[in-house]
Every structure is written in structure tokens, then in C-alpha cells.
Amino acid sequence: MPPIVRRLQTLCVYLQLHPRFIRMGQGWNASYTGSTVWPVIPPNTTYQPHDVGVPIGFPYRRTRVIGASVALVFQGTGFYLCFTPGGASYDFFIDGEQSTVPSSTALPAKGTSCDSSGASNIISHDGMQNDHHNASLTLRSIASSDFEFFGGGITITVDTKGAPIDDSTVIDDLDHTWTFSPGRTAVDRGWRTDSEPSGLYHDSWTWNCVYAENITASYSFSGAGGVVLNAAVWRDSRAFTITFDGAVFKSDATSHWADNTTIFFAQGNLDPTRTYNLTLTNFNADVPDCHTKDEFGQPVNRFCCQAVDSITLLRASSRYVLESLTVRLSR
């Protein structure tokens, strides 16, 4: 029996945007489709006052920079990207090879997985070998309108022997089976758990703003064919590292919005008989001076934080029917 296919949809963390989350004339600017007031973030982002914009509608990123790029780095068998080109032209690559899909032939988003986002176009590719992949888009020219990017999705496989996927096993950040280093609140430099009723699982998150290689949140599990890590994104979210099954994934959750729960990591094709460990580290070796240097290398004095929300284990259900499912990689 073939593995069950599950599609995961998100925007923020799987996607590597360059330059990241600044003014749209300099890089990618974070926005929401229904918001008319944007966050005002001073250069010294931690210790000066903020004007916090209220997220309304669907999150997206926009730019007017030639050479700006977005890359979806993942393990799976397919993907899609949602965007509104605004008259821009771009180059599109899959695993380093230029795609035969030119700017003019990207499909309309209506009726696709991108429809609800507000994007006008979609690029998708399925039937890939179940392996690590990189899908990237780089702007060659910009018109008078913004290029708007709304995220995308990936397809992962879970071998359930023909049964549907059971995604009811969700481990909240409050669960005692998490391992936090150096510990929870009572420990110096430890992780703090707070109530935050804004779209988080069980309205809680566990966070830490000490940016260092030994600040980690880990979870070990077995009996699952796939795993999804959700973490929280807010104004002080920055660079981080995910370690899973010997592989290291460096990324960045910078956003000036309270984006709340977001998929930080997902992987399928796991062996249910094995034990795996998933670790989030509040440090990224590519951004060693997160506290003191901004995205342009200018001096700042800011927090660099991460917050875990939940882990979902994908298992075989007791009912033996085939199914497919979409999970959106958003913001």
C-alpha cells in the first residue's frame, strides 16, 4: 500500500527570504491583507517604544527590490508557492536547475490551494523524489506595483499501510515530556511558560530570550510516521536552529507582527519503530551577533527569542481508507 500524502502549508519559517523583513524598498516587508496600520519598529527594537499593528486578514510579504528572493527548503515530494507578481519578472529554480515555467505562465491561483490567501498566482510541482529539495524564486525586474508573496506548502509522505493519518496526538508546550535546557522558569536563564490566548494551542507558549547555543527545547518520540513542530512568532522572534535525526536546519523567524503559531519544522517518511529527537535551539551560527547587529550589520540592542507551542505526531489511524491532507506553511 502506498504511503499517505499530507500537504503542509505555511509562510514564515520554511521560507528563506532575502533580504528579510525590512522596508519594501530594501527587502521583504511583512504585511497583512486586511491591516491598514503597520508596526513601527525603531532601530533599537527592544528598548524603545513600539506601535504594534493589529494582524487582520492573511499574512504576506512584499518587496520592490530587484534580486530579492524566496527559497522553500524542505524534505518531501512536492510543493507550491503563492504570490501576486505585480508585473515583476523572475527566475525560478528547483534544486538549482532553472525551471521551464516562465513568469508569464504561472497558473492562476483561483480554485487552488493559494485561493484563500488572496494571491493571484501559483507555482506547484508534485511527484518529486522523497528527498531534500530547494525551490527558489528571484526577482529580475520590478514594475510599479509590489511583488507580494503569500507563502506556500509542501507535500510529505507518511507510511500508514493504507490507513488514514491520525493527527490527534498533539503535545502542548505545558507537557512534562518536553526537555528544556537549562530548565523552566525556576532555573537561571530558564524557559518561561505564559498564557497567550491568540491562536496558540491551549493558549500557552514556552519562551526564552537568552540567545545562546545551550538554550534548547527538545522532544523525543517514537511510534510516528511524521512530525510537525509549531512555534510562536512575535516581534522579538529571531534566528534559530532545528536539529532532527542528525540533520541541522538554520532559519529565521523575524517578524514585526504577532504572527502567533507557525509551522517551524515538519518531516514525514519516518520509521515508527525508531525513536527520534527534535530540538529547537535559540541560536543560529550564521547570525552569531543577533543581539547587537541588525540585518545590515548596524549596531542594535535587542532581544532574540523563540517560543514553542506544540508538536503533532502523525500516526496510522485504525480505519483503513486512503486520504490526503493539506497543511499550509504560512507567513
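Table for the structure above
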{"quantity": "Per-region count, segment 287-309, residues under 12 Å from Asn208 (Cα atoms) and small (Gly, Ala, Ser)", "calculated": "1"}
{"quantity": "In segment 139-173, residue modelled with the lowest pLDDT [restricted to those that are surrounded by fewer than 18 Cβ atoms within 10 Å (Cβ to Cβ) and closer than 14 Å to Arg64 by Cβ]", "calculated": "Ser144"}
{"quantity": "Pick from segment 221-239, criterion surrounded by fewer than 21 Cβ atoms within 10 Å (Cβ to Cβ) and small (Gly, Ala, Ser), ranking: farthest from Ser317 (Cα to Cα)", "calculated": "Ser222"}
{"quantity": "Search result, residues across segment 42-67 that are touching a strand residue (DSSP E or B) at 6+ places or on another chain (Cβ under 6 Å), modelled with pLDDT under 90 and either crowded, with 18+ Cβ neighbours inside 10 Å or at negative phi (or both)", "calculated": "Asp51, Pro55, Ile56, Pro59, Tyr60, Arg61, Arg62, Thr63"}
{"quantity": "Filtered residue count, segment 155-184, keeping only those that are under 30 Å from Gly96 (Cβ atoms) and either of a type in the set (D, E, K, R) or in contact with a Lys or Arg (Cβ under 7 Å, 6 or more places away or on another chain) (or both)", "calculated": "4"}
{"quantity": "Residue match in segment 177-188 (condition: modelled with pLDDT of 90 or more, loosely packed, with under 15 Cβ neighbours inside 10 Å and assigned to a loop (DSSP other than H, G, I, E, B))", "calculated": "yes"}
{"quantity": "Criterion (touching an Asp or Glu at 6+ places or on another chain (Cβ under 7 Å) and among the hydrophobic types (A, V, I, L, M, F, W, C)) met by exactly one of Ile123, Ile165, Ile156", "calculated": "Ile165"}
{"quantity": "Selection from segment 240-280 of residues that are of a type in the set (A, V, I, L, M), touching a Ser or Thr at 6+ places or on another chain (Cβ under 8 Å) and either surrounded by fewer than 22 Cβ atoms within 10 Å (Cβ to Cβ) or farther than 20 Å from Tyr211 by Cα (or both)", "calculated": "Ile242, Val248, Ala258, Ile263, Leu278"}
{"quantity": "Where Ser195 falls short, out of the listed (1) at pLDDT below 90; (2) within 19 Å of the chain's Cα centre (by Cα)", "calculated": "(2)"}
{"quantity": "Subset tally (residues that are at pLDDT 95 or above and either of a type in the set (Asp, Glu) or under 28 Å from Thr77 (Cβ atoms) (or both)) for segment 198-222", "calculated": "6"}
{"quantity": "Filter result for the condition that a residue is in a loop (DSSP other than H, G, I, E, B) and either β-branched (Val, Ile, Thr) or at pLDDT 95 or above (or both), over Asn301, Asn284", "calculated": "Asn284"}
{"quantity": "Test for Arg315: is it surrounded by 13 or more Cβ atoms within 10 Å (Cβ to Cβ), out of contact with any strand residue (DSSP E or B) (no Cβ under 7 Å at 6 or more places or on another chain), farther than 23 Å from Tyr32 by Cα and modelled with pLDDT under 95", "calculated": "no"}
{"quantity": "Residue within segment 112-128 that is in contact with a Cys (Cβ under 7 Å, 6 or more places away or on another chain), surrounded by 16 or more Cβ atoms within 10 Å (Cβ to Cβ) and not aliphatic (A, V, I, L, M) present", "calculated": "yes"}
{"quantity": "Criterion: among the hydrophobic types (A, V, I, L, M, F, W, C) and closer than 24 Å to Pro59 by Cα - qualifying residue of Ala285, Ala258", "calculated": "Ala258"}
{"quantity": "Test: Ser99 is more than 22 Å from the chain's Cα centre (by Cα) and of a type in the set (Gly, Ala, Ser)", "calculated": "yes"}
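Here is a yes/no grid of residues against (1) in contact with a Phe, Trp or Tyr (Cβ under 8 Å, 6 or more places away or on another chain); (2) of a type in the set (Gly, Ala, Ser); (3) in contact (Cβ under 8 Å) with a residue 12 or more places away in the chain; (4) closer than 23 Å to Val73 by Cβ:
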position: Asp95; (1), (2), (3), (4): no, no, yes, yes
position: Leu107; (1), (2), (3), (4): no, no, yes, yes
position: Lys110; (1), (2), (3), (4): no, no, no, no
position: Cys114; (1), (2), (3), (4): yes, no, yes, yes
position: Asp131; (1), (2), (3), (4): no, no, yes, yes
position: Leu137; (1), (2), (3), (4): yes, no, yes, yes
position: Gly151; (1), (2), (3), (4): yes, yes, yes, yes
position: Thr157; (1), (2), (3), (4): no, no, yes, yes
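The values are calculated or read from the model by the stated rules, or taken from the named source; none is laboratory data. Bear in mind the structure is a predicted one, so any value in this text is a computation, not a measurement. Don't worry about glycine lacking a Cβ; one is built from the backbone with ideal geometry, like all the others, and counts go over all protein chains shown.
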